[in-house]
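Down below is the structure, laid out as C-alpha cells.
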Amino acid sequence: MGRAFVYVILGGGVAAGYAALEFSRRHVAPGELCIISEESVAPYERPALSKGYLLPENPARLPQFHTCVGANEERLTPKWYREKGIELILGTRVRSADLKKKELLTMAGETITYKYLIIATGARALKLEEFGVWGSEAENVCYLRDIADADRMVNVMQSCAGKSAVVIGGGYIGMECTAALVTNKIKVTMVFPEKHLMARLFTAKMAEFYENYYKERGVKFVKGNVLTSFENDPSGKVTAVILRDGTRIPTDMVVVGIGIRANTSLFDEGGAKLALEKGGIKVNGKMQTSDSSVYAVGDVAAFPVKLFGNDIRRLEHVDSARKTARHAVSAIMAPDETGDLDYLPFFYSRVFSLSWQFYGDNVGEVVHFGDFPNSQFGAYWVNEGRIIGAFLEGGAKEDYEAIAKVVKTRAKVSDVGELEKLGLEFAFRESQKLIESTVTGSGTFSGVGTGMGALMEKPLYKWHATAGVVAAASIAVFAYWYGWKRRRW
C-alpha cells in the first residue's frame, strides 16, 4: 500500500506550516503536497507553548495559534488544508527513508513517494537520562517541546498552585517556564551549571538585571550546580532533587529545559545518509541538501549565513524556521528566480512584562547602553570595528528595526566610547544615513522587515526614560500591537 505526491514535508512543526502557506501562494495543485507529522494536530506556532498556553487565565488554545498567525498571516486550520487540497498525514511516524527510490516508509508499513522532500523534523528535548540522571518519567517531571508536553505541564501546575517547583536549566525554556510557573502562583528554584542566566547570549551585566527581576518575584537561583538524582514517594512522584554538591531541594514538580538535539536520525546512515554539520543536516543557500531532491529547514538545517562570511550555522529559533521554510519552497518552485538565503539571525523572548530582541552574533567587544533600572537597555557587539550583534530590552517596533539595520549593514564604529554614549540613537543615525544615501542614489540597502518606510516617515529622537510625547506615543502603540496582538504567540 502506498501513496505518491510531488512534494512531501516531513515534520509538522512551525516550518511545515510556513512551507505549506508558501506552496499555496505559488499555486501548488490539489493533491500534490502532503505533510507527515508525528503530532495529532495541524502545524502550530510552537512559541505559544511556553507563553500563552501556560497562562492561568484565558490561556491560548488551538485553533487560536495554528500557523501562520505568529507572523500576522493566515491561520492554517485543518479546514484550510482540506480546501487547498493539501493532505495532512497526522499521528504518523516514518520508520525509514530511501533517497534513491524517493520513498518514505511509515511505522504502519505504508510507502509514501515524492519528487521533492522537505525535511522539517525539528528537534527534540534533551532528556536527563542522556546525562546519566534517571527518573524523569515520574508524573510530576515535565519537559516542553510539543502540545502533549504542554498539556501535561498545565495539569501538573494546576495541582501545584501555592506549592513549589524546581526548574532545571537557565536558558530559553527555563526562563519562560519559570515566568509561567510564578504566574501560576508556584514558588520556583532555578538550577543550572553556568555562572548566570542565558549564558549563551546574556552578558553578566544583562543577566544580573534579569536575575534581580526574577528574584523580586520570589525566584531562587542555584548556579554552578547540576541535578544528580531524585527522591520519590511510594507512588513514584518526585519529592526532592539532589544536586552534585549534595544540596537537597524539596519540590512538588520539576521542569526540565536543558537544550534540544536536531532530529537527524533518519538521514545519518545507509540509503538515507545526508551530509551533516553542526549537529544538523547541511544545506546550501537554497536549503538544498547533499541530495538535490531533498531540502532541510528549521531547527534541523545547518545553513550558510552570509552575514558571517557563509559560516555554517544551525539556528534554534522560530524566525529561522519560518524563513528557511519559505526560502526552500521558493527554491523548489522557482529555482531560476531564487538566490541564496540572506538571513539575519534573530532571537526574541517575552517573560513577565519584559520583552527583548537580539540580532546577529554575540562575539567581539560588548558595549552596553540605556537605562537598566527602568528596563530599557541594550548592547552592541563590535568586532573589527563593525557592529555584528545587537540586543534590546523594552524597545518599540522602530527601535528593533533600527538595531536590526545596523547589524545587517555591519555599521562601522570608530569610537566605542561614543557608541556607548549614543546607545540606541547610534542605530537611528546610521539608519538615517542609509536613507539619505538611498534617496540620493549614492548607496544601496537591503531592508530588514518593513522598517525602512517607517524610518523615512519618522524623525529621529533620543531614547531614554525622559523622552517626550513622540516616544510615549510610539511606546503606547507598541504596547498595544505587541502586547494585545502578539502576547500569546
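The values are calculated or read from the model by the stated rules, or taken from the named source; none is laboratory data. The structure presented is a predicted model; accordingly, all values stated were derived computationally and were not measured. Using ideal geometry, Cβ is built from the backbone for each residue, glycine included, and neighbour counts are taken over all protein chains shown. Only protein heavy atoms, including side chains, enter the accessible area calculation; ligands, DNA and RNA are left aside. Shrake-Rupley method; radii C 1.70, N 1.55, O 1.52, S 1.80 Å.
Some observations on this one:
- Among 381-387, 249-255, 105-111, the order from most to least packed when residues are scored by Cβ within 10 Å on average: 249-255, 381-387, 105-111
- The range 81-126: trypsin sites (Lys or Arg not before Pro) in DSSP coil with no more than 15 other Cβ atoms inside 10 Å: Arg93, Lys100, Lys101, Lys115
- Across the options Phe209, Leu197, Gly257, the greatest Cα extent toward the positive end of the charge dipole of the range 185-257 (unit charges at beta carbon of Lys, Arg, Asp, Glu) belongs to Phe209.
- Sequence-distant aspartates and glutamates (8 or more away, or on other chains) whose Cα lies within less than 16 Å of Lys223: Glu194, Glu208, Glu211, Asp245
- Net charge contributed by nearby residues that have their C-beta within less than 10 Å of Asp291 (K/R +1, D/E -1): +3
- Membrane-span-like helices in the chain, defined purely by DSSP H runs whose alpha carbon atoms cover 24 Å or more axially and whose average Kyte-Doolittle hydropathy reaches 1.0, do not occur.
- When the solvent-accessible area of the range 1-123 is split by element, carbon and sulfur atoms take up 48 percent of it, the probe being 1.4 Å.
- Ranked by the mean number of other Cβ atoms within 10 Å of their residues, highest first, the peptides 2-11, 395-404, 303-312 come out as 395-404, 2-11, 303-312.
- Among the listed values [x] 1.00; [y] 0.97; [z] 1.10, the one computed from these coordinates for Rg/Rh (Cα atoms, Kirkwood Rh) is [y].
- Protection-proxy order for peptides 226-233, 289-296, 413-420, each taking the mean of Cβ atoms within 10 Å per residue, highest first: 289-296, 226-233, 413-420
- Of all DSSP beta bridges in the range 157-229, antiparallel share, percent nearest 5: 0
- DSSP beta bridge pairing in the range 123-279, given as percent antiparallel to the nearest 5: 40
- By accessible area with a 1.4 Å probe, ligands and nucleic acids excluded, highest first: order of Arg200, Arg25, Arg244: Arg200, Arg244, Arg25
- Between the range 419-438 and the range 54-123, the alpha-carbon center distance in angstrom: 42
- Taking the charge dipole of the chain about its Cα centre, with +1 at Lys and Arg Cβ atoms and -1 at Asp and Glu Cβ atoms, the residue from Ala321, Val166, Leu76 reaching farthest to the positive side is Leu76.
- Cross-link partners of Lys51 among lysines (Cα-Cα below 19 Å; sequence separation of 8 or more within a chain): Lys185, Lys187, Lys485
- Within the chain, percent of DSSP bridges classed antiparallel, to nearest 5: 60
- Candidates per chymotrypsin sites (Phe, Trp or Tyr not before Pro) in the range 103-191, loop by DSSP, up to 14 other Cβ within 10 Å: Trp134
- Area of Lys273 that stays accessible when all protein chains are in place (1.4 Å probe, Å², to 10): 120
- Accessible-area order (highest first, 1.4 angstrom probe) of the listed residues Glu73, Glu130: Glu130, Glu73
- Filter on Lys100/Lys282; Lys102/Lys127; Lys195/Lys405 - keep pairs with C-alpha separation over 21 Å: Lys102/Lys127; Lys195/Lys405
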